[in-house]
Amino acid sequence: MPYERIEHTGDAGIVVRAPTLEGLYAEAARAMFEILADPGGAPPVEAEEFPVSPDSPADGLRDFLAELLYRFSAERKMYVSFSPGSGKVTAGAAPFDPARHRLGTELKAVTYHGLEVDREADGWKARVIFDV
């Protein structure tokens, strides 16, 4: 499993591992959306590219996840696929359908609290806490 959920007082968290920074972003996004709602087997109807900045991996990951969470909340986009590429992540989205996408845990924000992104011998590791 590329990620694990962690317990945090009053919040939800994940620890994610991937061989590349782009893969880490993709796996963290996948984990966040699995917490938010069941993808329901919906195929993506549109794809969007998001840049991955190696200059500040932790801030970049938080900003990326916060942008996806905003689009889910404001634009009702359910991101159902994530593909890492060179310097980017391509996210496939489908319109949120309450009949298909059973809601999980409501996430209000991606926090800076405990945020970590570290390079390891075999890739990357991140720890992210979400405000619920």
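Every number in this text was worked out from the coordinates using simple rules, so none of it is lab data. Small disclaimer: the values here were computed from a predicted structure and weren't measured. Neighbour counts run over all protein chains shown; Cβ positions are idealised from the backbone, glycine included.
The string of couplings for the range 91-105 from the Karplus curve (6.51, -1.76, 1.60, θ = phi - 60°) is 10, x, 10, 10, x, 5, 10, x, 6, 9, 9, 5, 5, x, 9 Hz, one whole number per residue in order, with x for Gly and Pro.
If you rank PHE82, PHE96 by fewest surrounding Cβ atoms within 10 Å, what's the result? Intermediate results must be reported in sequence, preceding the final value.
Working: PHE82 23, PHE96 19.
Starting with the residue having the fewest Cβ neighbours, the order is PHE96, PHE82.
This model, with +1 at the C-beta of Lys and Arg and -1 at the C-beta of Asp and Glu, gives the range 16-65 a dipole about its Cα centre of some 220 debye. When the square roots of the Cα gyration tensor eigenvalues are ordered a ≥ b ≥ c, the ratio a/c for the range 3-131 is 1.5 or more and a/b does not exceed b/c, which makes its shape oblate. Couplings 3J(HN,Hα) for the range 50-64, derived from phi with the Karplus relation 6.51 cos²θ - 1.76 cosθ + 1.60 (θ = phi - 60°), are 10, x, 10, 9, x, 5, 9, x, 5, 5, x, 5, 4, 5, 4 Hz, where x marks Gly and Pro.
Charge dipole of the range 3-131 (Cα centre as origin; +1 on each Lys and Arg Cβ, -1 on each Asp and Glu Cβ, all else neutral): 260 debye, rounded to the nearest 20. Residues whose amide H comes within less than 5 Å of that of GLY13, counting only those at least five positions distant or on another chain, are ILE6, HIS8, PHE130 (H built at 1.01 Å from N in the peptide plane). Where only DSSP H runs of four or more residues are counted, the chain gives -9000 deg cm²/dmol as its mean residue ellipticity at 222 nm, each run worth -39500 (n - 2.57).
The phi torsions of the range 13-26, fed into the Karplus equation with coefficients 6.51, -1.76 and 1.60 and a -60° offset, translate into couplings of x, 9, 10, 10, 10, 7, x, 10, 5, 4, x, 4, 4, 4 Hz, rounded to whole numbers, with Gly and Pro shown as x.
Highest mean packing comes first when the peptides 29-42, 109-122 are listed by Cβ atoms within 10 Å, giving 29-42, 109-122. Across the range 3-131, Cα pairs under 8 Å and at least six residues apart give a relative contact order of 35 percent.
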